[in-house]
Amino acid sequence: MSRTTALAPAPAPDAPAPERPPTPARAAGPELPGAAGRRVVLTVAWVVTLGAVLLLGFAGYLLAFSGLQAAHHQATAYATLRDQLGRATAPTGPAADGAPLAVLDIPALGLHRAVVVEGTDGRDLMRGPGHRRDTVLPGQPGVAVLFGRSTTFGAPFAGLTGLKVGDGIDVTTGQGSFHYTVNAYGDGEHPIRDTAPNRLVLATGDSDWLPTGTVLVGARLDGDPEPLGAKRPAATPTDKVLAADKGALPALQLWSLALLFAVIVTLVTARRWRRSAAYLCFAPVVAALLWSVYENAAALLPNVY
């Protein structure tokens, strides 16, 4: 007996396709950030990281590399002043900003052969202890005032508060060598009151952090002074203790723009050229510009910091 299988009839060619059931609508909710959002987040993260690196680099410059810069200036100034003292041409009156004037020794602080420069603004004190231009030179009749940094650029006056009554201070200028003896102390709110006619006053900041006050140490000249030099010039606002050199702000802006331009050129070159070669080529340029940015930023800080 033969078995037959019934086949279902095929649909007609022009028959409409069966309709699919409608997909239920999704509930409204927060959308995940797309590629544009991720780029924004990544850019912000890079900017924050770069800012943190620059700030840490500035702190490293102030607390470490600024001392090397000051040591270089001191070595150059000492060689210049030694030659002038040997030829009897060292300044005994007003001099140019930053010019070496005297050699300072304070054994109790471990300070030896520190060169004192003319001027007390921020840039002058980057070179070493500074002589306030409107006061007499050490060894001359009157009150000579010297400023020094407490934390940065070698911190020559870091231990000033450790000086005791009776400690000696030796200063050599174009008029000879002079010895002072510490005898008084003061601060910004309590100036030193001493009736001695020939004195030396040392001033610095009152804190290792950003100083808000001053420390003053007074010393009397032992022996007779030498004659006065030419009339002293008037002090400028940047010569005062804790003053900031606001004139460094335009220079800081220009150096910052130059640094930004150099970084952009470096990144563009790295994409079009061999990356390692581009970084190696531009690294010295970027480093030099960054150093100039930090130096001008440091001039905006209190001059005795």
Open item on the list: So, in the stretch 242-287, exactly how many residues are of a type in the set (A, V, I, L, M), in contact (Cβ under 8 Å) with a residue 24 or more places away in the chain and in a helix (DSSP H, G or I)?
Closed with: 8
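Here is a yes/no grid of residues against (1) over 26 Å from the mean Cα position of the chain (by Cα); (2) surrounded by fewer than 22 Cβ atoms within 10 Å (Cβ to Cβ); (3) touching a residue at least 24 places away in the same chain (Cβ under 8 Å):
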{"site": "His112", "(1), (2), (3)": "no, yes, no"}
{"site": "Arg127", "(1), (2), (3)": "no, no, yes"}
{"site": "Pro138", "(1), (2), (3)": "yes, no, yes"}
{"site": "Ala144", "(1), (2), (3)": "yes, no, yes"}
TODO: Just give me the residues in the stretch 235-279 being more than 26 Å from Ala297 (Cα to Cα) and either among the aliphatic types (A, V, I, L, M) or in contact with a Cys (Cβ under 7 Å, 6 or more places away or on another chain) (or both), in sequence order.
DONE: Val268, Ala270, Ala277, Ala278
TODO: Would you point out which residue out of Val263, Val241 is in contact with a helix residue (DSSP H, G or I) (Cβ under 9 Å, 6 or more places away or on another chain), of a type outside the set (Gly, Ala, Ser) and within 29 Å of Gly60 (Cα to Cα)?
DONE: Val263
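Out of the residues in the stretch 66-90 that are free of Cβ contacts under 8 Å to residues at least 24 places away in the same chain and surrounded by 13 or more Cβ atoms within 10 Å (Cβ to Cβ), state the one that is nearest to Thr152 (Cα to Cα).
Step by step, filter the stretch 66-90, then rank; the result is Thr76.
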Task: Subset of the stretch 109-126 (residues that are modelled with pLDDT of 95 or more, of a type in the set (A, V, I, L, M) and assigned to a helix (DSSP H, G or I)) - done: Leu125, Met126
- [ ] Please verify whether the stretch 118-129 includes one or more residues that are basic (Lys, Arg), in the same structural domain as Val171 (by TED's automatic domain parsing), under 17 Å from Ala158 (Cβ atoms) and in contact with a His (Cβ under 7 Å, 6 or more places away or on another chain).
- [x] yes
Task: Scope the stretch 229-241; condition buried (at least 18 other Cβ atoms within 10 Å of the Cβ) and assigned to a helix (DSSP H, G or I); matching residues - done: Thr238, Asp239
Task: Failed item in (1) over 24 Å from Gly122 (Cα atoms); (2) outside any loop (DSSP other than H, G, I, E, B); (3) touching a residue at least 12 places away in the same chain (Cβ under 8 Å), with Glu226 passing the rest - done: (2)
- [ ] Could you tell me whether any residue of the stretch 163-179 is crowded, with 18+ Cβ neighbours inside 10 Å, closer than 30 Å to Leu68 by Cβ and among the aromatic types (Phe, Trp, Tyr)?
- [x] no
Open item on the list: Criterion first (surrounded by 11 or more Cβ atoms within 10 Å (Cβ to Cβ), on the phi < 0 side of the Ramachandran plot and at pLDDT below 90) does Gly37 satisfy it?
Closed with: yes
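So is Ala219 within 20 Å of Arg123 (Cα to Cα), in contact with a strand residue (DSSP E or B) (Cβ under 8 Å, 6 or more places away or on another chain) and assigned to a strand (DSSP E or B) or not?
On the way: within 20 Å of Arg123 (Cα to Cα): no; in contact with a strand residue (DSSP E or B) (Cβ under 8 Å, 6 or more places away or on another chain): yes; assigned to a strand (DSSP E or B): yes.
No; evaluated as a whole, the condition is false for this residue.
Against the definition (in contact with a Leu (Cβ under 7 Å, 6 or more places away or on another chain), assigned to a loop (DSSP other than H, G, I, E, B) and of a type in the set (Asp, Glu)), how does Asp208 come out, yes or no?
Values: in contact with a Leu (Cβ under 7 Å, 6 or more places away or on another chain): no; assigned to a loop (DSSP other than H, G, I, E, B): yes; of a type in the set (Asp, Glu): yes.
Considered against the rule, which asks whether it is in contact with a Leu (Cβ under 7 Å, 6 or more places away or on another chain), assigned to a loop (DSSP other than H, G, I, E, B) and of a type in the set (Asp, Glu), Asp208 comes out as no.
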Task: Those residues of the stretch 149-203 which are in a strand (DSSP E or B), at pLDDT below 95 and basic (Lys, Arg), in sequence order - done: none
- [ ] Report, ordered by the first and then the second residue, all pairs with beta carbons closer than 8 Å, sequence separation of six or more or different chains, a first member in the stretch 28-57 that is within 30 Å of Ala297 (Cβ to Cβ) and outside any loop (DSSP other than H, G, I, E, B), and a second member that is of a type outside the set (Lys, Arg) and modelled with pLDDT of 85 or more.
- [x] Gly57/Leu290; Gly57/Tyr294
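The values are calculated or read from the model by the stated rules, or taken from the named source; none is laboratory data. Quick caveat, the model's predicted, so the values are computed rather than measured. Cβ atoms come from the backbone with ideal geometry, glycine included; neighbour counts cover every protein chain shown.
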